[in-house]
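Structure first, then comments.
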Amino acid sequence: MKGSLFAFLGGAFITFQGVANSRISQDIGTWKTATITQSIGFLMAFLILLLIRNRNWRQFKQVKPLYLTGGTFGAIVVFSNIVAIHHIGVTLTIAALLIAQLSLTFIIDSKGWFGGVEQKMELPQFIGIGMMVIGVLIMKF
Amino acid sequence: MVLGLLMAITAGSLVSLQNIFNSKVNVYVGSWTTTTLVLGLGALASFMIGFIFEGKSMFNLSNMEIWYWFSGLIGIGVVTCLVQAIKRLGSTYAISIAMTSQLGFALLLDSFGWLGLEKVPFTPKQLIGVLVIVGGIIVFKLGKRKEHHSSKAS
């Protein structure tokens with residue numbers, strides 16, 4: 001039950017973050033919004049990091065350098081999310097975003113890219129993505 | 001319309017890649033070190049791109065309202081909640097619920113036009129669309145998948 005509540009709140013926060021960012025960008029511009037929200041998030045995460053015990057910086061060396069660069073995508077993610085919300089509204093933005101996210105994860109998994117265990121494409125995943133696309137079409141047409 | 005969709009698809013694809021990369025970092029250094037790194041790099045990249053396109057105006061903070069400074073904390077709420085949810089439910093159920101909640105709140109925010117958003121009038125069509133999408137997420141996430149053991153191991 002507690003787990004479900006956390007998941008529910010987590011999802012709500014993701015949507016609120018996107019909407020807050022697109023509101024803020026109207027006053028200060030998109031790139032400044034992306035810079036400020038992520039800087040404050042960074043500072044807070046760093047503070048939490050200093051307060052918790054289990055820090056293992058040294059283990060960074062074990063991670064392939066490529067995987068350490070994922071954070072830079074955040075700039076484009078925040079930017080695109082803001083522009084999309086301004087153009088097509090929140091619901092359609094999130095719907096299209098989730099379809100792209102699940103589809104790409106699905107393709108990557110089924111090819112076993114980035115060192116993952118290859119997972120076969122199965123019917124439910126095709127049907128699931130199909131339903132999501134149909135849902136968008138219902139909303140829009 | 002097309003531009004908006006393309007932007008959303010770009011964001012979704014990058015989120016997918018980022019999740020994969022971050023989870024590899026997470027295994028070694030834990031979720032808060034990963035979050036610190038990811039947000040730090042995101043801020044840095046945003047600032048550099050902004051500086052290239054907008055130059056010195058990136059330093060002009062005259063239009064800031066107080067609450068703008070705090071919106072970045074929502075991201076901390078996202079990480080905290082998702083880490084806890086995944087720990088308790090496993091990622092399949094946690095992510096299914098989170099995605100459903102994301103869409104539900106999106107519909108709510110569009111319908112009420114909160115935070116100065118342009119109101120997107122609520123219609124039954126939209127609710128049905130969202131329900132079908134949620135159905136799709138559930139089928140996708142809960143549908144059985146087999147691991148393919150023949151080739152390269154992780």
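The values are calculated or read from the model by the stated rules, or taken from the named source; none is laboratory data. These numbers were taken from a predicted model, which means no experiment stands behind them. Here Cβ is always computed from backbone atoms with ideal geometry, including for glycine, and neighbour counts include all displayed protein chains. SASA here: full protein model, heavy atoms, side chains in, ligands and nucleic acids out. Shrake-Rupley method; radii C 1.70, N 1.55, O 1.52, S 1.80 Å.
Which of the three applies to chain A, rounded, prolate or oblate, going by the alpha-carbon gyration tensor with a ≥ b ≥ c and a/c under 1.5 meaning rounded?
Values: a/c = 1.76, a/b = 1.11, b/c = 1.58.
Verdict is oblate for chain A.
How large, in percent, is the carbon and sulfur part of the accessible surface of the protein assembly as shown at a probe radius of 1.4 Å? Write down the numbers at each step before the final one.
Working: 10020 of 14520 Å².
Carbon and sulfur atoms account for 69 percent of the accessible area of the protein assembly as shown.
Charges at C-beta only: +1 for Lys and Arg, -1 for Asp and Glu. How large is the resulting dipole of the protein assembly as shown about its Cα centre, in Debye rounded to 20?
Details: 22 positive and 9 negative charges, 188 e Å.
Approximately 900 debye in magnitude.
Could you give the dipole magnitude of chain B about its Cα centre, charging the beta-carbon of Lys and Arg +1 and that of Asp and Glu -1, in debye to the nearest 20?
Once rounded to the nearest 20, the dipole reads 720 debye.
Classify the range B:90-143: rounded, prolate or oblate, from the alpha-carbon gyration tensor (a ≥ b ≥ c, eigenvalue square roots; a/c under 1.5 rounded; otherwise prolate if a/b is larger than b/c)? Spell out each step's value before the answer.
On the way: a/c = 5.07, a/b = 1.86, b/c = 2.73.
The shape class here is oblate.
Would you work out which of B:GLY4, A:ILE94, B:TYR68 lies farthest towards the positive end of the dipole of the protein assembly as shown, given +1 charges on the beta-carbon of Lys and Arg and -1 on that of Asp and Glu, about the Cα centre?
About the Cα centre, the residue reaching furthest to the positive side is A:ILE94.
In percent, what relative contact order does the range B:1-132 have, based on Cα pairs under 8 Å that are 6 or more apart in sequence?
It rounds to 10 percent for the range B:1-132.
Grab the DSSP H runs of chain B that are 4 residues or longer, score each as -39,500 (n - 2.57), total them, divide by all residues and round the 222 nm result to the nearest 500 deg cm²/dmol. Write down the numbers at each step before the final one.
Numbers: 5 runs with 111 residues, N = 154.
Rounded to the nearest 500, the figure is -25000 deg cm²/dmol.
Checking the a/c ratio against 1.5 first, then a/b against b/c, what shape does the Cα gyration tensor give for the protein assembly as shown? All intermediate terms of the calculation are to be shown ahead of the outcome.
On the way: a/c = 1.61, a/b = 1.05, b/c = 1.53.
Oblate is the answer for the protein assembly as shown, as a/c is 1.5 or above yet b/c matches or exceeds a/b.
Only residues of the range A:29-69 count here: report those whose backbone N is under 13 Å from the spot 7 Å along Cα→Cβ of B:SER57, or say none.
Once the point is set 7 Å along Cα→Cβ of B:SER57, A:29-33 turn out to lie under 13 Å by backbone N, inside the range A:29-69.
Let's see if you can work this out: charge +1 on each Lys and Arg Cβ, -1 on each Asp and Glu Cβ, no other charges. What is the dipole magnitude of chain A about its Cα centre, in debye to the nearest 20? Walk me through the numbers on the way to the answer.
Working: 11 positive and 4 negative charges, 102 e Å.
For this selection, approximately 500 debye.
To make sure I understand the rule: partners must be lysines, Cα under 24 Å from the Cα of A:LYS120, and not fewer than 8 residues away in the same chain. Which ones qualify?
A:LYS111, B:LYS24, B:LYS141, B:LYS144, B:LYS146, B:LYS152
Give me the distance between the Cα centres of the range B:12-84 and the range A:3-48, rounded to whole Å.
Taking the Cα centre of the range A:3-48 as reference, the centre of the range B:12-84 is 8 Å away.
Could you provide, to the nearest whole Å², the per residue accessible area of the protein assembly as shown with probe 1.4 Å?
Values: 14520 Å² over 295 residues.
Accessible area per residue: 49 Å².
Going toward the positive end of the dipole of chain B, with +1 on Lys and Arg Cβ and -1 on Asp and Glu Cβ, which of B:LEU89, B:GLY104, B:LEU41 do you reach last?
B:LEU89
Can you give me the relative contact order of chain A as a percent, contacts being Cα pairs under 8 Å and 6 or more apart? Write down the numbers at each step before the final one.
Working: 62 pairs, mean separation 32.7, N = 141.
The normalised contact order for chain A reaches 23 percent.
Am I reading the B/A interface right? What is its buried accessible area, both sides, 1.4 Å probe, to the nearest 100 Å²?
About 9800 Å² of accessible surface is lost on pairing.
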